[in-house]
Amino acid sequence: MSLTNQPDPEERKRVVAQDLANVMHPIVQHRALEKSQMVVTGAQGSTIVDADGTTYLDAMAGLWCVNIGYGRTELAEIAAEQMQQMSYYPHTAMNLPAARLGEQIGALMGGGYHTYFVNSGTEANEAGFKVARQYAKQEFPKDFRFKSISRQYAYHGTSLATLAAGGMGERKTKFEPYDGSFIHVPAPTCYRCPLGLESGSCGMACAKLIETTILAEGPQTIAEIVVEPIMSAVGVAVPPDEYLPYVESLCRKYDVLLHVDEVINGFGRTGKMFAHQHYGISPDIMAIAKGIVSAYLPIAATVVKDRVFESFLGEVAEARQVMQVNTYGGHPVAAAVAVRNIEIMLEERLPERAATMGAYLMDGFKDRLFRHGITGDVRGKGLLIGIELVTDRESKVQLDGALVQGVVDFCKANGVIVGRSGGGVRHSNTIVLSPPLVITRSECDTLIEVLDKALEATVAKMKGG
C-alpha cells in the first residue's frame, strides 16, 4: 500500500488511523498528532509534498540531512544493484562499497585517516568516546584518562553517553542521572556570551576556561575534548575564527584527543566539505553522518587519525582491536549509495554552491529582516543559518516561545518548513535553516519573503494587531 501525490482523503484517513494506533513518534506529543498531522507522500529537489497535495519548500533538508536534495532516482538504482549482488555481510569481513567510501572520506580529509562505520550520528559520537578511552588506556597506561570535555548547550546525540556529553538540560533531565565522565565548559555563544562579555574584546575567555578545566580536573584524567565546529541545535552558534585553533593547541599541549562532531556541519553544509576546514584544524576523531548519504539510507562513521588507529594495532593476543561492533556498520548497500552521493556533491560543486547560496540568503535576511525590531541577530556559514528573535535589539530579551513557534507555524502555513533551536529556556528563540544544497535562487527568494512576512505578522501580533 502506498499514498500517491494525488490527494486521496479516504486513504489519508486510513494511514493516520493506522499510525496513531501503532506508531510512537520522536519528540512530537501524540495528543497534538491526534489533532493535526502531516502525511508526507513525495519529494523532489528542495520540495516535499503531503497527502493533501500541498507542497512545501523544505528549508531544513529533513533533519539537517538531505544535502543533495530529494528524488535522486539514480541512488535507488545503485541500491537495487548492490542488493542484488550482495545485500549484506558483517563488516568483520571486507566489502567493496565500504572500502571505496573509506577511501573517499580519507581523501576529503587530505589523507592520514581510517574510518569505522556505524548507522547514525549518535553512534558515531558514541564510538568516538570509546575510541578515545581505549586509546588513552593503551597509550597512557599509568594514567586514568576517561573524561571528555564538552560544552554547555552542545548536542551530540540521543544515547545516554551522547546526552551526557551534550549540554541541553531539557533533553537530558528525563534520563538522569549520568556518570561524571563528561565535564562541561562555557560555549562560544557569542551573541549571548555565557560570561557576560563582549565579542571581540573578550580575549576568548570561554576558550581559556577549557585550559583551566583541564588543569583543575588533572590532565592525566582527560581523554578528549569534543566540539561541534558550529553548534547547530542551540541556534547556529558560529565561534570566533581563532577559537577552534586555540582548542586544538590545548589538545596538543596536554596530549588530549580532539573529537570534532561534523554530523550536521559536514558534507558541504557550511560551504566547505567539513566545517572544521574553515579553521585549519586537524581532528583526531571525527563523527560524520547525515550528509554522508543525504539520508537516502542510514550510514554514519567515526573517522580517526592514523596515529590513533595505530594504537589499535598489535598481535592477536594483545587484544588491542577496537572493542566495538555494529551489526549494520559498513553496510554495502548504504555504503554504495553514500559513495555516489559524495560523487554528486563533488561533480555538482555543492559545497561551493552552499557558500554562494548561503551568502545570498544572508544578504537577503540582513536587508529585509532587520527592519523588524524583533530580529536580534542573523548568523551562519553557508547553508547553516540562524535568525535569533528578541523583544528588542537593545535588551536582547528573547522572544516569547509561543511567538517564536508562531513564526514557524506561519512559515508552514505559507509553504515553507523552517526549524527552531532546541536549547531549552535560554536558547530556544532562534529560527534555524538548513536547506538542501541544491536550493535555487528563486527558492531562496521565497524563503526570504515568507520569513519577512512572518516577522511582520509577529510584530503586529505583539502590538495587538
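Residues that are more than 19 Å from the chain's Cα centre (by Cα) and either open to solvent by 10 Å² or more (accessible area, probe 1.4 Å) or within 22 Å of residue 122 (Cα to Cα) (or both) within the range 217-228 comprise 217, 219, 220, 221, 222, 223, 224, listed in sequence order.
Looking across the range 427-444 at every residue that is among the hydroxyl-bearing types (Ser, Thr, Tyr) and in a loop (DSSP other than H, G, I, E, B), the one that is nearest to the chain's Cα centre (by Cα) is identified as 434.
Any residue that is open to solvent by 80 Å² or more (accessible area, probe 1.4 Å), at pLDDT below 95 and over 30 Å from residue 380 (Cβ atoms) - is there at least one of those in the range 47-66? Yes, because at least one residue in the range 47-66 is open to solvent by 80 Å² or more (accessible area, probe 1.4 Å), at pLDDT below 95 and over 30 Å from residue 380 (Cβ atoms).
Return the total of residues in the range 126-145 being open to solvent by 70 Å² or more (accessible area, probe 1.4 Å) and either part of a helix (DSSP H, G or I) or in contact with a helix residue (DSSP H, G or I) (Cβ under 7 Å, 6 or more places away or on another chain) (or both). So the count comes out to 5.
If we only count strands (runs of 3 or more DSSP E) wholly inside the range 229-310, which ones have 1 or more residues that are open to solvent by less than 10 Å² (accessible area, probe 1.4 Å) and touching a Cys at 6+ places or on another chain (Cβ under 6 Å)?
Values: elements: 257-261, 285-288, 300-305.
Output list reads 257-261.
Scanning the range 70-106 for residues that are more than 27 Å from the chain's Cα centre (by Cα) and not in a helix (DSSP H, G or I) gives 86, 87, 88, 89, 90, 92, 93, 94, 95.
The lone criterion from (1) open to solvent by less than 30 Å² (accessible area, probe 1.4 Å); (2) of a type outside the set (Gly, Ala, Ser); (3) in contact with a Ser or Thr (Cβ under 7 Å, 6 or more places away or on another chain) left unmet by residue 397 is number (1). Just one of (1) farther than 26 Å from residue 384 by Cβ; (2) in contact with a helix residue (DSSP H, G or I) (Cβ under 6 Å, 6 or more places away or on another chain) fails for residue 67. It is (1). Scanning the range 154-170 for residues that are assigned to a loop (DSSP other than H, G, I, E, B), in contact with a helix residue (DSSP H, G or I) (Cβ under 8 Å, 6 or more places away or on another chain) and either farther than 13 Å from residue 263 by Cα or open to solvent by 30 Å² or more (accessible area, probe 1.4 Å) (or both) returns 155, 158, 159, 166.
The values are calculated or read from the model by the stated rules, or taken from the named source; none is laboratory data. All values derive from a computational prediction rather than experimental measurement. In this analysis, Cβ positions are derived from the backbone assuming ideal geometry, glycine residues included, and neighbour counts consider all displayed protein chains. Note: areas computed on protein heavy atoms with side chains; ligands, DNA, RNA excluded. Shrake-Rupley method; radii C 1.70, N 1.55, O 1.52, S 1.80 Å.
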